[in-house]
Each structure stands twice: as structure tokens, then as C-alpha cells.
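Notes follow the structure.
The values are calculated or read from the model by the stated rules, or taken from the named source; none is laboratory data. Everything quoted here is computed from the prediction, not taken from an experiment. Don't worry about glycine lacking a Cβ; one is built from the backbone with ideal geometry, like all the others, and counts go over all protein chains shown. Ligands, DNA and RNA are excluded from the accessible area calculation, which covers all protein heavy atoms including side chains. Shrake-Rupley method; radii C 1.70, N 1.55, O 1.52, S 1.80 Å.
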Amino acid sequence: MTRNITLAIDDALLDKVRVLAAMKRTTVNEAVRGFLTQWVQQETSKDEARQALLKLIDESDGDMGDWRPSRAETYSGDPRFDR
């Protein structure tokens with residue numbers, strides 16, 4: 001089922017959107033629908049990735065072995081990460 005919504009938009013922006021839609025042989029309605037669909041898909045993907053990471057954290061043993069950096073290594077002033 002599709003529903004209609006009312007959208008308030010600046011006249012100048014609407015004119016530009018109509019031109020872009022015409023250039024792409026689509027409608028403003030379809031462009032907005034496509035944008036909203038893509039937005040939902042991106043957020044869903046982020047949520048799924050976040051859930052997978054949390055599951056990995058929960059299931060991980062987190063065992064790094066017996067290695068621990070020495071105090072000298074920790075405070076050497078050398079960069080620890082590539083930036």
C-alpha cells in the first residue's frame with residue numbers, strides 16, 4: 001500500500017529538483033521515494049553491522065596471550081597507530 005505525504009519545500013529547490021528529475025527521465029515523487037528507500041537501506045546495513053560486531057564481542061574470548069607492552073613501549077612517544 002502506498003500513502004501520500006505532504007512535503008513543504010522551497011520553490012527554487014523544487015524547480016531545480018523538477019529539472020533534475022526530467023533530465024533523469026523520472027518524477028520528483030520517484031526521486032524522493034528512491035532517496036528514502038536508499039536511506040532506510042543504509043541505516044539497516046549499519047544496524048546489521050553493529051549487531052554483528054556486538055555479537056562478535058560477546059562471543060569472543062579476547063585472548064591476546066601473555067604478551068603485554070612494557071612501560072617503556074607504552075610511553076616511548078613512538079606512534080602506535082598509522083594515521
Legend entry - C-alpha long axis of helix 28-59 to longest principal axis of the chain, angle in °: 20
Inset, instruction - Determine the share of region 30-83's accessible area contributed by carbon and sulfur atoms, expressed in whole percent, with a 1.4 angstrom probe. - result: 54
Legend entry - Fully extended contour minus Cα-Cα distance, from R18 to A49, at 0.36 nm per residue: 7.6 nm
Inset, instruction - Can you tell me the dipole magnitude for the chain around its Cα centre, using point charges on the Cβ only (Lys, Arg +1; Asp, Glu -1), in Debye to the nearest 20? - result: 580
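Could you sort T74, T2 by their accessible area in this structure, using a 1.4 Å probe and putting the largest first? Walk me through the numbers on the way to the answer.
Values: T74 40, T2 125 Å².
Output order, biggest surface exposure first: T2, T74.
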Inset, instruction - Over the chain, give the accessible area per residue in Å² for a 1.4 Å probe, as an integer. - result: 103
Inset, instruction - List the lysines whose Cα lies under 26 Å from the Cα of K46, skipping any in the same chain that are fewer than 8 positions away. - result: K55
Legend entry - Straight-distance crosslink candidates among lysines, where the alpha carbon sits under 17 Å from K24 and sequence neighbours closer than 8 are dropped: K16
Legend entry - Globularity index of the chain, i.e. its alpha-carbon radius of gyration over 2.2 N^0.38 Å: 2.12
